[in-house]
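The block underneath contains the structure these notes are about, expressed in structure tokens.
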Amino acid sequence: MPSPSAIVERGRVVIGDEAAQDAGVTPGIGAAAARALSPGILLLARDRAREDAAMRALACWAGCLTPRVSVLADTLLLELGACLRLFGGLEKLQAAALAGVAAQGFRAACAAASTPLGAEWLARLSPGACCKDAGDLRRGLDDLPVSLLPADAAAALARFGARTLGEARRLPSAALARRIGEASLRLLERAYGERPDPRPDFVFPERFALPLQLPSAVDNAAALLFAARRLSAALAGWLAARQAGVREAVLCLRHRRDETRVVLRFAGLTAEGGRLERVLRERLERLTLAAPVEALRLEAARVEALPGRSRPLLDDAQSGQEALDILLERLGARLGEERVYRVAAHADYRPECATRRLRPLGKYAPDAPCRSSIPPPRPLWLLDAPEALPEVDGRPYRRGPLTLLAGPERIESGWWDGGEQAGDARRDYFVALAKDAAWLWIYRECQARGWFLHGFFS
Amino acid sequence: MTAALRHFSLDDILERPDVWRGRLAGARLPAVSSGFPALDAELPGGGWPRGALSELLSDDAGFGECSLLLPALNAAREEGRWAVLIAPPHALHAPAWVSAGVDCARLAVLAPESPRDLLWAAEQTLVSGAAGVVACWAERAAPGEVRRLQVAAAGGQAPAFLFRPRRARAQASAAPLRLLLSPGPQGTLGVELFKRRGPPCARTIFLELPRPAAWRDDHDALVARPASAAALHRGARPLAVA
């Protein structure tokens with residue numbers, strides 16, 4: 001976004017970016033004054049819907065810090081008292097919160113206190129404050145100006161010389177209530193923790209579908225990663241708050257006319273942000289965009305409750321199966337889903353139909369093998385397309401005449417499959433030994449009278 | 001210092017894999033039995049090395065190069081771990097793998113599109129340490145790439161196999177174990193260990209592998225008569241007539 005710029009509502013500046021603030025564009029001045037102070041300034045109309053969407057995304061992300069979040073107009077309140085030990089103390093938690101907000105592409109003023117209103121006021125006027133107990137909170141609040149109170153109360157207090165909240169609170173409370181009104185007094189009591197101040201919890205949405213408008217159209221898939229990471233971090237927070245994991249997520253890339261859906265499949269239930277991001281990166285690096293992308297939307301398609309799991313005491317290495325899930329998921333994302341598979345025997349006499357490919361993870365459900373007690377020899381490798389062999393002196397020939405060691409084994413099946421690729425087969429199979437000592441599986445087509453190499457006994 | 005040294009006996013030090021002891025080298029290298037006693041006797045550590053790359057050079061399919069690995073694949077199954085095959089040269093014929101005793105539920109096959117993806121997939125698989133055994137078929141691999149794979153394998157516990165064409169023999173390789181596979185007499189598989197830890201192995205070992213049919217010397221036995229289609233048909237037993 002070009003700088004300087006500012007947000008304007010009803011002809012008044014709401015806030016300017018750093019360059020605008022340096023030029024003297026302060027909140028509350030008129031649009032004309034802003035243009036006069038900073039001639040090249042870009043003035044943008046305030047978009048409340050986008051602000052709300054951004055706050056909701058942030059609230060979802062905050063789910064990875066605490067399950068109790070509440071959202072005010074431009075303030076995010078996190079109830080952290082119960083999470084302090086998990087994160088290793090208030091300082092670490094505060095740093096994690098600020099880093100997370102920055103990674104989401106926002107800047108935040110942050111303060112911690114034991115009452116929600118106290119924290120909000122401190123964040124506004126004394127960012128970085130960190131009050132661990134009631135004494136800290138009182139000292140912190142006492143220095144704040146009375147302008148935090150409603151305008152008439154602030155004016156009344158200023159008239160008789162109380163400039164800070166501490167000075168106001170030194171007045172007898174009955175007299176104070178008479179001068180500034182019952183409501184303002186209650187605000188003060190809530191901020192100082194003398195009156196309960198319950199806040200409504202943010203309700204994490206039932207379905208996760210978060211849009212993100214890009215500032216300008218992007219035509220490079222790798223460049224989308226930065227923006228998409230914000231969405232995946234929000235998804236991780238939402239999953240953490242709901243104690244759920246995701247099996248499949250869809251990233252919609254909206255172009256001018258249509259949209260591309262990128263399906264992210266996970267091997268197991270996934271709730272960890274890093275893992276979401278890795279799969280996202282592999283998919284985006286492989287993607288070629290048909291048209292520039294204007295907006296993104298991330299949806300969690302298959303969400304399931306995360307089963308409880310006891311972690312080992314020494315959590316150095318992930319358990320084998322989980323590490324394998326992660327590996328196969330990454331390989332699938334980069335190589336393509338159809339290029340990572342398992343094989344299973346399928347009940348069909350035609351060799352080319354006897355192998356079935358299965359997804360690498362999930363339940364392995366092969367058909368019951370149809371063979372009787374002693375299976376005839378079958379090669380480990382099968383050629384995708386049988387290789388026609390010439391016949392020399394009545395013998396099949398491949399780098400020299402072949403010796404037939406076993407056979408024939410008649411395989412005659414599939415007449416009902418005329419329409420399909422495999423189709424009707426009538427063949428006599430032999431185990432053949434080549435002059436170069438390769439063990440081959442060859443067959444003779446009964447109708448077409450030709451020799452074919454079909455597999456290798458490797 | 002003496003206190004610290006007292007914890008180690010000479011035997012402990014001699015058993016370290018990085019102490020080179022000529023003929024007795026690597027008596028305790030971690031290894032998985034290859035399933036062939038004659039081969040185990042020559043392999044340092046008594047089997048396929050764990051956490052190291054073993055290179056198998058062979059040009060064409062059909063000599064038994066996969067049967068050579070089947071015991072190692074089955075060992076992974078007994079540990080409950082997965083086997084990963086990367087870029088196998090042909091399609092897997094599942095009934096044969098099942099009857100060879102391979103647990104196909106724990107056998108992942110990767111079919112990368114390009115050589116670059118192949119090496120990436122092999123490296124990722126080895127680095128993750130999640131697979132019990134890894135086999136990779138690389139038509140072309142530069143010495144630097146083989147070194148990367150060896151470094152990746154060294155971090156794990158799995159035996160890792162790299163199939164390459166025979167012409168790669170002239171190329172230097174970081175793999176500590178290199179074998180040349182060739183057909184031997186009487187339907188055996190000849191294995192020449194031209195590089196291994198410890199003293200060089202001069203002789204070629206001939207291994208008896210399970211073969212689909214008895215080996216016969218009289219090459220012309222079955223084809224002495226011109227194989228007329230009618231004669232073949234008379235002898236054919238219909239396995240499935242549907």
Quiz item: In square nanometres, what is the average projected area of the Cα convex hull of region A:377-456?
Solution: 5.3 nm²
Self-check item: Sites A:Asp258 and A:Ala19 - FRET efficiency at Förster radius 45 Å, r taken between beta-carbons, to 0.05
Solution: 0.75
Quiz item: Out of A:Pro401, A:Phe430, A:Pro390, whose Cα points farthest toward the positive end of the dipole of region A:377-456 (charges: +1 Lys, Arg; -1 Asp, Glu; placed on Cβ)?
Solution: A:Pro401
Practice problem: Please give, to one decimal in nm, the separation of the simple spin-label points placed at B:Glu113 and A:Ala217, each 7 Å out from Cα toward the Cβ. | Solution: 2.5 nm
Quiz prompt | Total formal charge among the other residues, if their Cβ is under 11 angstrom from that of A:Ile29, Lys/Arg +1 and Asp/Glu -1 | solution = +2
Practice problem: Would you kindly calculate the mean projected area, averaged across all directions, of the convex hull enclosing the Cα atoms of the protein assembly as shown, in square nanometres? | Solution: 45.3 nm²
Quiz item: Ignoring ligands, DNA and RNA, what percent of the 1.4 Å accessible area of the protein assembly as shown is carbon and sulfur?
Solution: 52 percent
Practice problem: Using just the helices of the protein assembly as shown, give the 222 nm mean residue ellipticity in deg cm²/dmol: DSSP H runs with n ≥ 4 each add -39,500 (n - 2.57), and the total is spread over all residues, rounded to 500. | Solution: -8500 deg cm²/dmol
Quiz item: What are the ³J(HN,Hα) values, in whole Hz, obtained from phi via the Karplus relation 6.51 cos²θ - 1.76 cosθ + 1.60 with θ = phi - 60°, for each residue of region A:23-36 in sequence order, with x given for Gly and Pro?
Solution: 6, x, 7, 9, x, x, 6, x, 4, 5, 5, 4, 5, 5
Quiz prompt | For chain A, share of DSSP beta bridges that run antiparallel, in % to the nearest 5 | solution = 95 percent
Practice problem: Could you calculate the FRET efficiency of A:Ala103 with A:Glu182 from 1/(1 + (r/R0)^6), where r is the beta carbon distance between them and R0 is 56 Å, rounded to 0.05? | Solution: 0.80
Quiz item: Over region A:178-253, how many percent of alpha carbon pairs lie in each 10 Å bin up to the one with the longest distance?
Solution: 14, 30, 17, 18, 16, 6, 0
Practice problem: Please turn the phi angles of region B:182-195 into ³J(HN,Hα) values with the Karplus equation 6.51 cos²θ - 1.76 cosθ + 1.60 (θ = phi - 60°), one per residue in order, whole Hz, x for glycine and proline. | Solution: 8, x, x, x, 6, x, 8, 10, x, 10, 10, 8, 8, 8
Quiz item: Tell me which lysines have Cα within less than 23 Å of A:Lys92's Cα, excluding those fewer than 8 residues away on the same chain?
Solution: A:Lys132
Exercise. Taking the Cα centre of the protein assembly as shown as origin, work out the dipole magnitude from +1 charges on Lys and Arg Cβ and -1 charges on Asp and Glu Cβ, in debye rounded to 20.
Key: 640 debye
Practice problem: Mind running the shape call on region B:137-213? Use the C-alpha gyration tensor, a ≥ b ≥ c as the square roots of the eigenvalues: rounded below 1.5 for a/c, prolate if a/b tops b/c, oblate otherwise. | Solution: prolate
Quiz item: Using 1/(1 + (r/R0)^6) with R0 = 51 angstrom and r between the beta carbons of A:Asp201 and B:Gln157, what's the FRET efficiency to the nearest 0.05?
Solution: 0.60
Exercise. Starting from region B:22-98, pick out the trypsin sites (Lys or Arg not before Pro) whose DSSP state is loop and whose Cβ has at most 15 other Cβ atoms within 10 Å.
Key: B:Arg28
Exercise. Averaging sequence separations of C-alpha pairs under 8 Å and six or more residues apart, then dividing by the length of chain A, give the relative contact order as a whole percent.
Key: 9 percent
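The values are calculated or read from the model by the stated rules, or taken from the named source; none is laboratory data. Small disclaimer: the values here were computed from a predicted structure and weren't measured. Note that we place each Cβ from the backbone using ideal geometry, even for glycine, and neighbour counts take in every protein chain shown. Ligands, DNA and RNA are stripped out before the accessible areas are found, and what is left, the full protein with its side chains, is counted by its heavy atoms. Shrake-Rupley method; radii C 1.70, N 1.55, O 1.52, S 1.80 Å.
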